[in-house]
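Worksheet for the structure shown next.
The values are calculated or read from the model by the stated rules, or taken from the named source; none is laboratory data. Everything quoted here is computed from the prediction, not taken from an experiment. We place every Cβ from the backbone using ideal geometry, glycine too, and count neighbours over all the protein chains shown.
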Amino acid sequence: MKKNITTIAILLFLTVKAQVGINKPNPTEMLDVNGNMKFSNILYLENPGVYLGSSSNSYLIVKDNGSQVIKRYVPETSDYSAINTVNYTFTGVNFTGLTNYDTGIPSSNYYLTIGGYIIRGGGNSSNVSISGSNVNIPLYSARAFIQGGTWRLKFLPNHSRTFTVPDSQNPKNVDIKLNIIVYRRDMLTTVNPVINYNMNANVAGTGTSPQPDKL
């Protein structure tokens, strides 16, 4: 009886410590998978630990919500990282503003947003204003939009206004600095639809606006 108990204990120990390989004849970890893995429920990583080494040659795990397949994402193979910032400085801009600048960033692979802006006069002057009445000054139209398969940038005054600078300023143009945030589509597998809400001339929401589907 004692021998049987000892044998069972040894088998259980070997089962816990065994290395499992999927499409890997010689696994090097407890679970070593070569290829994609599909699952039906939720995947939890137990005690993943903290990696303090270099981020080069590192991989990320992403899930395809359509096929439920876990895929390996290699940041080094991307033109842009998962989340990146790009600072554009447009010098010598016409007083009309920036109407359609092609970033060349493909919309099929990335999302793009404008995070901030700075407007300066030619020669880095702060003397920039908007044409027309100084009583009612319109805001700017800052947009990132898709055209021809790439992301475009637009930044100009609203209501057909234009930028103006003092006559004494030289050169007579404006500089526009835009802070752009680029998100890789693989990292944003779910994007919320546009939320439309009628304010009914109120200055504050009534609390009945629909909540985003995914937070």
Looking at the stretch 131-142, can you tell me whether even one residue there is modelled with pLDDT of 70 or more, of a type outside the set (Phe, Trp, Tyr) and outside any loop (DSSP other than H, G, I, E, B)? yes
When you check Ser160 against the structure, is it at pLDDT below 80, exposed (fewer than 10 other Cβ atoms within 10 Å of the Cβ) and assigned to a loop (DSSP other than H, G, I, E, B), yes or no? no
Go through the residues of the stretch 202-212 one by one and say whether even a single one is at pLDDT 75 or above and farther than 25 Å from Thr103 by Cα. yes
Some residue of the stretch 39-55 being in contact with a strand residue (DSSP E or B) (Cβ under 6 Å, 6 or more places away or on another chain) and modelled with pLDDT of 70 or more: no
What is the residue count in the stretch 91-116 for residues that are touching a helix residue (DSSP H, G or I) at 6+ places or on another chain (Cβ under 8 Å) and in a strand (DSSP E or B)? 2
So which residues in the stretch 56-90 are modelled with pLDDT under 70 and in contact with a helix residue (DSSP H, G or I) (Cβ under 8 Å, 6 or more places away or on another chain), if there are any at all? Ser56, Asn57, Ser58, Ser81
